1. Any chance you could tell me what percent of the C-alpha pair distances in region 135-203 go past 21 Å?
2. By a straight-distance test (C-alpha under 19 Å), which lysines pair with residue 93 as possible cross-link partners, with residues fewer than eight away in the same chain excluded?
3. GNM on the chain, C-alpha springs below 10 Å: top fluctuator among 150, 121, 218?
4. Heavy atoms only, probe 1.4 angstrom, no DNA, RNA or ligands counted: give me 182, 220, 194 ranked by accessible area, highest first.
5. Take the chain, mark every one of the chymotrypsin sites (Phe, Trp or Tyr not before Pro) that falls in a DSSP loop and has at most 13 other Cβ within 10 Å, then report the longest stretch left between them, sites excluded.
6. Mind checking the angle between helix 15-46 and the chain's longest principal axis? C-alpha axes, 0 to 90 degrees, to the nearest 10.
7. In straight Cα distance, which lysines are under 27 Å from residue 148, not counting same-chain residues fewer than 8 positions off?
8. How high is the relative contact order of the chain? Use alpha-carbon pairs under 8 Å, at least six apart in sequence, and give a whole percent.
Amino acid sequence: MLNWLGMPIAASTHAADIDRMIVLVHWLMLVLFVGWGAFFVFVLFRFRRGANPKASYVGAKGKFAKSTEVAVAIVEAVLLVGYAIPAWATRVKQLPSQNEAFIVRVVGEQFAWNVQYPGPDGKFGRTDPKLVSADNPLGLDRTDPNAKDDITDINQLHVPVDRPVLVHLSSKDVIHSFGLYEMRVKQDAIPGMEIPVWFVPSVTTKQMRDRVGKPDVDYEITCSQLCGLGHFRMRGFVTVQSQAELQAWMADQERELAKQ
Ligand SMILES: [Cu+2]
């Protein structure tokens, strides 16, 4: 069913839950489509002019229509209460703890994704809109002690495999939407708000294992909200790496930072 739907590969631990929901919704849609189509054809035939020369102002009466309506409503309620709400609740209510999670800030702007890592101290440096410039899109205040070791990047997000990633998502200008299709993550980025989004990048098949840590086969970050003329080019990349590879990359970045 999943292949038939053309879903991208699943690269996070919660992806299967989302996919199950999508599959169930599609089954319901299929049943409704076939049912409504058949009903339409039936009505065309049953109420044709030849068989009904005089219009009835009362209309057709029957229990079948009501019971199917109720049945559809029940199925929808089950999908909502049994699958959608619990899946959503675990996404938004149970955030991973600060200690176990890999924490990063992502700030959308027209038309790029700015990434800020807190560095070894684990604290994000202060940002100030007055400091925003072409070289410093986040407006990071390097005089702040917490900002000294912060690594910033554009359109490139590095995350560890098998560890919760907690993204503090916001926007500098208009509403964007942070979309990681392979991770089944999508969240609006809203100016003036910092919204936590979390997921656990996972590797479950050999094909995906081969992808880990190879920059040329990164997953894509898409902006999933029409945000302006350059919306189409607002794309970034996520590199899923082992903890060791990520540490090495971080250390590299810290060395670069120290040279400046
Ligand atoms: Cu956008």
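1. For region 135-203, the fraction of Cα-Cα distances above 21 Å is 35 percent.
2. The reachable lysines, counting only those whose Cα sits under 19 Å from residue 93, are 186.
3. 121
4. Ranking 182, 220, 194 by accessible area, largest first, yields 194, 220, 182.
5. 58-260
6. Around 20 degrees separate the two axes.
7. Partners found: 123, 130, 172, 259.
8. Relative contact order, the chain: 21 percent.
The values are calculated or read from the model by the stated rules, or taken from the named source; none is laboratory data. Being a predicted model, the structure only gives us computed values, none of them experimental. Methodologically, a virtual Cβ is constructed for each residue, glycine included, from the backbone with ideal geometry; neighbour enumeration extends over all protein chains shown. Ligands, DNA and RNA are stripped out before the accessible areas are found, and what is left, the full protein with its side chains, is counted by its heavy atoms. Shrake-Rupley method; radii C 1.70, N 1.55, O 1.52, S 1.80 Å.
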